[in-house]
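The values are calculated or read from the model by the stated rules, or taken from the named source; none is laboratory data. Worth saying up front: this structure is predicted, and the values here are computed from it rather than measured. Virtual Cβ from ideal backbone geometry, glycine too; neighbours counted across all protein chains shown. Just so you know, the surface numbers come from the protein's heavy atoms only, side chains and all, with ligands and any DNA or RNA stripped out. Shrake-Rupley method; radii C 1.70, N 1.55, O 1.52, S 1.80 Å.
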Amino acid sequence: MLTSVKSVGASALRVDTIRSHQSDIREIDARHVTNDVDLLAEIGYKQELKRKFSTLQVFGVAYSIMGLLPSIASTTATGLTAGPAGFVWSWFVSGIFIVGIGIGMAELGSAIPTSGGLYYWTFHYAPEKIRVPLSYMIGLSNTLALCGGLCSVNYGFALEVLAAAYMNSDGTFVSTTGKTYGVFAACVVSHILVTCLTSNMISKMQTTSIICNSGIIVLFFIAVPIGTAKAKGFNDGEFIFGTVQNYSDWPTGWQFMLSMMTAIWTIGAFDSCVHMSEEAHNASKSIPVGIIGSTMVCWIVGFFICICMAACMSSDVASVIDSPTGFAMAQIVEDSLGKKWGVAMMVLIACCQWLMGSSLLTALSRQIWAFARDDGLPFSRYIKVVDKKLRVPLRAVAFGGALALTIGCLTLAGSTAANALFSLGVAGNYIAWGTPIFLRLTSGKDKFKPGPFYLGDTLSPIVNWIVCCWMIFVLFLCMFPGSKTVDKETMNYTVVINCGVWVLAMVYFYTYKFKYFHGPRSNLNDDAAEDIRYVEGYVDPKSSGEKASTPDVEKA
């Protein structure tokens, strides 16, 4: 009984300590600040990174990560499980709501542009009682989601490379989980090296990526239809727009919903624009342009890519889904272009997919750096260090790559577990995107001060409430297995990984991390003195003579 009373008392003291040590809510008004540095100072941070991203390059980060053709190629089999019309129309319908999410995030990014945007906004708009733990969970969830996105992109790259090898060997090449992980790991390591070695040119790489990703789309629109016309002719309009099929044991309507994962996964990671806020010129305007521009372009152009694929693919949809190459897109281009040019197209798609991963690691490293700056990660004091010469968080880049290599071990468990990487990024991102949007509409509605981009007091709430409902639906959608019969082979491991991380994050926070993470912590005065914080209700020994326990002493 005495132990129970002590436990309750300790828990109450811990909750009181979290609330008493939480960071202050700052007054931020992006419309009345003259420049980026002053706005960042108003948000609470000093300028540590070099501002070298133009509005076009901010757009390029998100556009490159979405990498339309490579991304659609990676998820074609998922989309086609509802037939060609299900593939086309599920993209169009889901894209409308995804653009709405981008608008909601653009409003938040315009008001408070900072690299740790999602967990910062959560802290800023959340009720006082849950402000710190909720902010911590969102920060960790967003980090995991971006890392899951990097893993899924690089896993797609590995499949594309191995599919090209299979096509080139006339079917004699045998792909294994070990080979898949080997290509995946080589891709991640190359991203770490290139991102670190080309730090001064990372913004220019986004321009290159825009050109490459746009070029491969133009080439696809020209080459594949010409090849199809010569090889076998096109499928008719009824097949493209009216043939909804079902290649699973779920009801057809629900399978149509599941096929939306093609667009949901592809038009994602547009929060990468937010994570580049502290390196962007005129961030309050360039962040909204980057987010909305990338989502709109990818939604519209992607819709026409889906139509082109449905027109050029074999009418035997099952043979495309279960292609011996292991990759549905590879089967489509081989049927249209033949082996030689099909291999060439797959190599070009893989190169663009590699650029996607490079941009994603850049965005991931900025989220990791921002979260570590606020003491949200293990080893934060080491991770948050910025290279003084390059003004780039190189350690955060390496940490993000190492994390991806670890999570990527799922590929060794087989294709079903590996496919969870795609849903992993979606689930983590949607909870991280949806939480600050919802809080801004509820507990934070009186705190919200819009930036230069704002839909207005009437239209903005309507759009944001709709997308909140959509994001709740997607959270359930991405956790469903691909089949009614669930076993170790068909299990969707997303629910285990994400829910496990969310639960463990809260356990870790309440047992240990609450001593160090108090929400977004201003570092404007870090050069003046060490930041020494005594927590858990203990008294500073310098002021009372009592012994303090477990102080968190960290240098900037």
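Apart from one condition, Lys340 fits all of (1) of a type in the set (D, E, K, R); (2) touching a Pro at 6+ places or on another chain (Cβ under 9 Å); (3) free of Cβ contacts under 8 Å to residues at least 24 places away in the same chain; the exception is (2). When the stretch 76-94 is filtered for residues that are open to solvent by 10 Å² or more (accessible area, probe 1.4 Å) and either in a loop (DSSP other than H, G, I, E, B) or in contact with a helix residue (DSSP H, G or I) (Cβ under 7 Å, 6 or more places away or on another chain) (or both), the ones remaining, listed by number, are Ala77, Thr78, Thr81, Phe92. Considering (1) under 22 Å from Ala111 (Cβ atoms); (2) open to solvent by less than 30 Å² (accessible area, probe 1.4 Å); (3) within 24 Å of the chain's Cα centre (by Cα), the lone condition that Glu48 does not fulfil carries the number (2).
Exactly one residue among Ile211, Ile192, Ile130 is more than 24 Å from Glu334 (Cβ to Cβ), among the β-branched types (Val, Ile, Thr), open to solvent by less than 40 Å² (accessible area, probe 1.4 Å) and part of a helix (DSSP H, G or I), and that residue is Ile192.
Per-residue answers, yes or no, for (1) over 28 Å from Ile368 (Cβ atoms); (2) more than 17 Å from the chain's Cα centre (by Cα); (3) of a type outside the set (D, E, K, R); (4) part of a helix (DSSP H, G or I):
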site: Trp265; (1), (2), (3), (4): no, no, yes, yes
site: Phe270; (1), (2), (3), (4): no, no, yes, no
site: Ser286; (1), (2), (3), (4): no, yes, yes, yes
site: Gly290; (1), (2), (3), (4): no, no, yes, yes
site: Ile300; (1), (2), (3), (4): yes, yes, yes, yes
site: Cys306; (1), (2), (3), (4): yes, yes, yes, yes
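Within the bounds of the stretch 384-404, is there any residue that is touching a strand residue (DSSP E or B) at 6+ places or on another chain (Cβ under 6 Å), under 28 Å from Leu134 (Cα atoms) and part of a helix (DSSP H, G or I)? No: the stretch 384-404 contains no residue that is touching a strand residue (DSSP E or B) at 6+ places or on another chain (Cβ under 6 Å), under 28 Å from Leu134 (Cα atoms) and part of a helix (DSSP H, G or I). For the stretch 1-24, filtered to residues that are surrounded by fewer than 16 Cβ atoms within 10 Å (Cβ to Cβ) and in a loop (DSSP other than H, G, I, E, B), the residue that is modelled with the lowest pLDDT is Met1. Number of residues in the stretch 133-164 that are in contact with a Gly (Cβ under 9 Å, 6 or more places away or on another chain), open to solvent by less than 20 Å² (accessible area, probe 1.4 Å) and over 23 Å from Gln353 (Cα atoms): the value is 4.
Is it the case that Pro288 is in contact (Cβ under 8 Å) with a residue 60 or more places away in the chain and open to solvent by 40 Å² or more (accessible area, probe 1.4 Å)? Answer is no for this residue. Does Val507 fit the bill of being outside any loop (DSSP other than H, G, I, E, B), hydrophobic (A, V, I, L, M, F, W, C) and at pLDDT below 95? In short, yes. Any residue that is at pLDDT below 90, on the phi < 0 side of the Ramachandran plot and not in a helix (DSSP H, G or I) - is there at least one of those in the stretch 453-473? No, there is no match, as no residue in the stretch 453-473 is at pLDDT below 90, on the phi < 0 side of the Ramachandran plot and not in a helix (DSSP H, G or I). Residue check: Trp354 meets all listed conditions (1) in a helix (DSSP H, G or I); (2) more than 19 Å from Ala145 (Cβ to Cβ); (3) open to solvent by 10 Å² or more (accessible area, probe 1.4 Å); (4) out of contact with any Phe, Trp or Tyr (no Cβ under 7 Å at 6 or more places or on another chain) but one, namely (4).
It is to be established whether one or more residues within the stretch 307-325 are among the hydroxyl-bearing types (Ser, Thr, Tyr) and open to solvent by 40 Å² or more (accessible area, probe 1.4 Å).
Of the residues in the stretch 307-325, the ones among the hydroxyl-bearing types (Ser, Thr, Tyr) are 314-315, 319, 323, 325.
Pick out the ones that are also open to solvent by 40 Å² or more (accessible area, probe 1.4 Å) and you get 315, 319.
Within the stretch 307-325 (the criterion being among the hydroxyl-bearing types (Ser, Thr, Tyr) and open to solvent by 40 Å² or more (accessible area, probe 1.4 Å)), the answer is yes, since at least one residue qualifies.
Quick grid of which residues meet (1) closer than 17 Å to Glu278 by Cβ; (2) surrounded by fewer than 18 Cβ atoms within 10 Å (Cβ to Cβ); (3) modelled with pLDDT under 85:
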{"residue": "Val386", "(1), (2), (3)": "yes, yes, yes"}
{"residue": "Gly400", "(1), (2), (3)": "yes, no, no"}
{"residue": "Ser415", "(1), (2), (3)": "no, yes, yes"}
{"residue": "Tyr430", "(1), (2), (3)": "no, no, no"}
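If you go through the stretch 223-235 and keep only what is more than 12 Å from Met309 (Cα to Cα), open to solvent by 30 Å² or more (accessible area, probe 1.4 Å) and not in a helix (DSSP H, G or I), you end up with just Lys232.
For the stretch 254-283: of the residues being open to solvent by less than 50 Å² (accessible area, probe 1.4 Å) and either among the polar types (S, T, N, Q) or free of Cβ contacts under 8 Å to residues at least 24 places away in the same chain (or both), which is farthest from Ile305 (Cα to Cα)? Even if it seems obvious, please write down each step before you answer.
Of the stretch 254-283, the ones open to solvent by less than 50 Å² (accessible area, probe 1.4 Å) are 255-256, 258-280, 283.
Remaining after also requiring either among the polar types (S, T, N, Q) or free of Cβ contacts under 8 Å to residues at least 24 places away in the same chain (or both): 255, 259, 262, 266, 272, 277.
Numbers: Gln255: 21, Ser259: 16, Thr262: 12, Thr266: 12, Ser272: 24, Ser277: 31 Å.
The extreme case among them is Ser277.
Please go through the stretch 236-253 and pick out each residue that is open to solvent by 20 Å² or more (accessible area, probe 1.4 Å) and either of a type in the set (Lys, Arg) or part of a helix (DSSP H, G or I) (or both). Matches in the stretch 236-253: Gly237, Glu238, Phe239, Phe241, Gly242, Thr252, Gly253. Here Met167 meets each of (1) open to solvent by less than 10 Å² (accessible area, probe 1.4 Å); (2) in contact with a Ser or Thr (Cβ under 7 Å, 6 or more places away or on another chain); (3) of a type in the set (A, V, I, L, M); (4) at pLDDT 85 or above with one exception, condition (4). Selection of the stretch 101-127 for residues being touching a Phe, Trp or Tyr at 6+ places or on another chain (Cβ under 8 Å) and either hydroxyl-bearing (Ser, Thr, Tyr) or open to solvent by 10 Å² or more (accessible area, probe 1.4 Å) (or both) yields Ser110, Thr114, Ser115, Tyr119, Tyr125.
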